[in-house]
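Take a look at the structure set out below.
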Amino acid sequence: MTIAAARIEELCKLLTRMSYEYYVLDQPTIDDSVYDRLYRELQDLEDANPELITHDSPTQRVGAQPANAFSSVKHTIALYSLENAFNNVDLDKWQERWQRVEEGTATYICELKIDGNAMALTYENGLLVRGATRGDGTTGEDITSNVRTIRTIPLRLNVDNPPPVVEVRGEAFLPNHVFFRLNAQREAIGEEPFKNPRNAAAGTLRQLDSRKVSDRQLDFFAYTVYFPGSDLPEVHSQLTALEWLQNAGFRVNPNRENCADLQAVQHYCEKWNTDRHDLPYMTDGVVIKVNEFSLQEKLGFTQKFPRWAIAYKYPAEEAPTILESITFQVGRTGAITPVAELRPVELAGTTVSRATLHNADRLLELDLHLGDTVIVRKAGEIIPEVVTVLSELRQAGAIQCKLPTECPACHSIVVRPEGEAVTRCLNSSCPAIVRGSLTHWVSRGALDINSVGEKLIAQLLESGLVHSTADLYDLTAEQLMQLDRTGQKSAEKVVAAIAASVTQPWSRVLYGLGIRLVGSSNAVTLSEAFPTVELLANAQPEEISAIFSIGDEIARSVVQWFQIESNRLLIDRLRSSGLQLVGEDKPKEITVVTAITGKTFVVTGTLPTLKRDEVKDMIRKAGGKVTDSVSKKTDFLVVGEDAGSKLEKARSLNVAILSEAEFLELLF
C-alpha cells in the first residue's frame, strides 16, 4: 500500500468516527476546525489520486451531478404498511387478534412514529450500495445518490465481518429547526414555503440534484434490520435489532421503550401524546411491535399488514383561526349547508381554510359573528369543523352570521321541512340542484360516465344544452363541438360514453336518480324488492318500510319523489332513451353459508387496497347485507382512513369494527 493510500484509509476511518460522534451520538470529541482541516487534507489526497477514492469516503457525501430521472427498483423485502389504532380499545382488540393466531403473552417495543418518509437501505459486505423510497411497498425509486448525503446514514457499517447483505429500514425526516430555516429561505426568495416537514422531506428526497439534498440536512432514524440469507443469533428481537443498528453506526430513536405488557404500552402512548410537542422533530403516533422475532414469524402477515405490529395514531389537533366569511353550498337535494371561510391555518399536516357548519341549528348554537376567533378540528372529516367560538375575543359591532332566507343560487324562498335539521331549496330547476344531480348521475357509483366531468357539466348548463339528466342522452357530437376546447374526437368519446351507460343495471339507475336518503346500498335493496320502476313508483310507504334496512323515513322520501310530476316525466324520458328500469325478479340465492351470511354491514372511509363498492359486492355475494347508515341492527362496520361520524356512532352502539384486513379474514 502506498503512503497516500494508507493516509487516505486512515483519514476515512478517523473522519467517519468523528462524523458518527457528531451527528449520531451528538457527542463531538474534536473541534469543528480540526475536522475541517483533516477533511481538506483528504480532499487534496483524493484529488491527486482519484483512483483511490472509495464509495464510503466522507467526501462522497457532498452529492453528484444532477440525475435525469430516478429508476424503479424492486425491494428485496417488502415494506408493509401498518394497521392503525386510535385508542386503548383498538390496542386491546389488536392483542386479542394476534393471540387468536398464537396463544400466549409477549413483551412489546414502543417507538415514536416519525413523521417523515420511509426508506430501504441495502449494504453489501458492509458498504452502502442502494437507497430506495418505499414506493408502493414492493417497488420504489432508486435515490442512492441522495441517501449518501444524509450524514446519519453510514456509508460503511461499523461492524467487523459484516454479513454479505444487510437490509435496513428507517425514516428520513427534516428536524423542525431545519424545516423553519428552509421555509424562511424560500420565502425570502419568493418561493412557496413547504406545508409541513413531511412534505419537505419527500420533496427533498426526490431532488434530481443531490447537492441540493445535501444542503437541506435531512436526518434519519433506523428502526429495523434484516439479514437475507444470513443468521445472526445475537439479533433475535426488535430490541436487539435496534441495539445492533446503533452499534453499526445508525441513529436510533432514543425514546424507545421495552414494555412488559399492553398496559405499559398504553402508558407510553399517553405520555408521548403530551411530551411529543417538546421534540425537535414531528411525530404523529407510536409504533408498537411484538418484541421477539420468533413470535413475529409465527404471527406472520395478513394481506396488507403484519399481525405483530400496529401504529397508534394520536388524535387530530385543534387550532385557532379567524372566521373571515360564511358561504352557502346548495346540494343536489336542495340542502343548504353553511361553510366557514377561515384564515388559513396549519392543522394535522394540511392547510385548513374551510370548515363545515352543518346546518342552521349548528350556526345558531355557535352564535358566529364575522371576525370571530374560532377553534377548528380535523378529526376524520375531509372538511374540518368548527368546534367552538372564543366569544370573549369578539370585536364590538361584529355582524352575526345567519342562514339566508333565499337560495343563494336561484333566489327562491328556502324552507325547513318539519322534523328536519336541514334548510332546503325546493326549486327543482335551481341551477345548483341541477348541477349536483348531473354530477351525481355520472359518478362512479351511479351511471359511471367517466367522460363527463364537472367542467363539462358546467359548460353544458351554461350553454343551455342540458337542463336535466335525460338531456344527456339527446346530445350529439356536433352540439358538443360548439363548446370551448372540445374537438371532434372528444365529442364523439363523450357521446359514446353516455350511450354505453344505458346498459347499467336498474339498481344503479335508481341510485343515480338521487332520491334523498337512498344510497347505493339501499338502491340495491330496493331494486331487488321492486324489480321494475313501476312497482317502486306505485308502492305504498308501508310496503317499502317493511323491507329489511329500509325505514319509514326512506320510504316516505321514495314515495314523495315519485309523486312529483317532473320526476315521473324524467322516468319516461329515461325509458325512451333505453335506460334499464327493470332488474332481476329476485336476488341471487346464496349456496354457501359463511361468517358473513345474514349479517348487516356498513362500509366507510378510504380503505388501503379495496374500493368501498368492491367490499360491498363481496359482502352481498357472501350473503351479507349492506346499508348506508349505522344503527343497532348493524353487525359490522368496515372502516378505512377518514371514517368520520359513522365510526363514532358504531363505537357508541358497540358495533364490531373491522379493518380491511380483518374483513378479508372474516370473508375467507
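Tabulated data for the structure shown
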read-out: Checklist (1) crowded, with 18+ Cβ neighbours inside 10 Å; (2) over 30 Å from residue 513 (Cβ atoms) applied to residue 367, failing item; value: (1)
read-out: Exclusive hit being of a type in the set (Lys, Arg), at pLDDT 90 or above and either part of a loop (DSSP other than H, G, I, E, B) or surrounded by fewer than 18 Cβ atoms within 10 Å (Cβ to Cβ) (or both), set 332, 343; value: 343
read-out: Residues of the stretch 202-244 satisfying the condition of being modelled with pLDDT of 90 or more, closer than 21 Å to residue 116 by Cβ and part of a helix (DSSP H, G or I); value: 238, 241, 242
read-out: From the options 323, 299, 342, 279, residue that is hydrophobic (A, V, I, L, M, F, W, C) and under 30 Å from residue 233 (Cα atoms); value: 299
read-out: Members of the stretch 394-432 that are among the basic types (Lys, Arg) and either closer than 28 Å to residue 464 by Cα or in contact with a helix residue (DSSP H, G or I) (Cβ under 6 Å, 6 or more places away or on another chain) (or both); value: 424
read-out: Residue match in the stretch 430-438 (condition: more than 34 Å from the chain's Cα centre (by Cα) and at pLDDT below 95); value: yes
read-out: Evaluation of residue 567 against (1) surrounded by fewer than 20 Cβ atoms within 10 Å (Cβ to Cβ); (2) of a type in the set (S, T, N, Q); (3) farther than 26 Å from residue 424 by Cβ (one fails), failing number; value: (3)
read-out: Meets criteria (of a type outside the set (Asp, Glu), out of contact with any Phe, Trp or Tyr (no Cβ under 6 Å at 6 or more places or on another chain) and not assigned by TED's automatic domain parsing to the domain that holds residue 612) for residue 447; value: no
read-out: Filter result for residue 181 (part of a helix (DSSP H, G or I) and without any contact (Cβ under 8 Å) to a residue 60 or more places away in the chain); value: yes
read-out: Hey, residue 131 under 17 Å from residue 222 (Cα atoms), in contact with an Asp or Glu (Cβ under 8 Å, 6 or more places away or on another chain), in the same structural domain as residue 253 (by TED's automatic domain parsing) and free of Cβ contacts under 8 Å to residues at least 40 places away in the same chain or not; value: yes
read-out: Test: residue in the stretch 179-201 that is closer than 18 Å to residue 115 by Cα, out of contact with any Ser or Thr (no Cβ under 7 Å at 6 or more places or on another chain) and β-branched (Val, Ile, Thr); value: no
read-out: Top-ranked residue of the stretch 245-291 - restricted to ones that are touching a Ser or Thr at 6+ places or on another chain (Cβ under 6 Å) and modelled with pLDDT under 95, ranked as surrounded by the fewest Cβ atoms within 10 Å (Cβ to Cβ); value: 276
read-out: The one condition in (1) touching a Gly at 6+ places or on another chain (Cβ under 8 Å); (2) surrounded by 15 or more Cβ atoms within 10 Å (Cβ to Cβ); (3) not assigned by TED's automatic domain parsing to the domain that holds residue 572 that residue 520 fails to fulfil; value: (3)
read-out: Checking residue 322 against (1) over 23 Å from the mean Cα position of the chain (by Cα); (2) crowded, with 21+ Cβ neighbours inside 10 Å; (3) β-branched (Val, Ile, Thr), the condition it does not meet; value: (2)
read-out: Subset tally (residues that are in contact with a Lys or Arg (Cβ under 9 Å, 6 or more places away or on another chain) and of a type in the set (Lys, Arg)) for the stretch 593-632; value: 5
read-out: Helices (runs of 4 or more DSSP H) contained entirely in the stretch 1-117, each with at least 1 residues that are surrounded by 12 or more Cβ atoms within 10 Å (Cβ to Cβ), over 32 Å from the mean Cα position of the chain (by Cα) and at pLDDT below 85; value: 3-19, 32-48
read-out: Any hit, the stretch 399-407, residues being at pLDDT 85 or above and under 30 Å from residue 116 (Cα atoms); value: no
read-out: Number of positions in the stretch 145-174 that are part of a strand (DSSP E or B), surrounded by 22 or more Cβ atoms within 10 Å (Cβ to Cβ) and in contact with a Pro (Cβ under 7 Å, 6 or more places away or on another chain); value: 1
read-out: Residues (among the charged types (D, E, K, R) and either free of Cβ contacts under 8 Å to residues at least 60 places away in the same chain or farther than 26 Å from residue 567 by Cα (or both)) located in the stretch 446-473; value: 454, 455, 462, 471
read-out: Filter pass, residue 665 being buried (at least 20 other Cβ atoms within 10 Å of the Cβ), within 17 Å of residue 94 (Cα to Cα) and of a type in the set (Asp, Glu); value: no
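The values are calculated or read from the model by the stated rules, or taken from the named source; none is laboratory data. Owing to the predicted nature of the structure, the values given are computational and were not obtained by experimental measurement. When we count neighbours, we look across all protein chains shown, and the Cβ atoms used for this are built from the backbone with ideal geometry, even at glycine.
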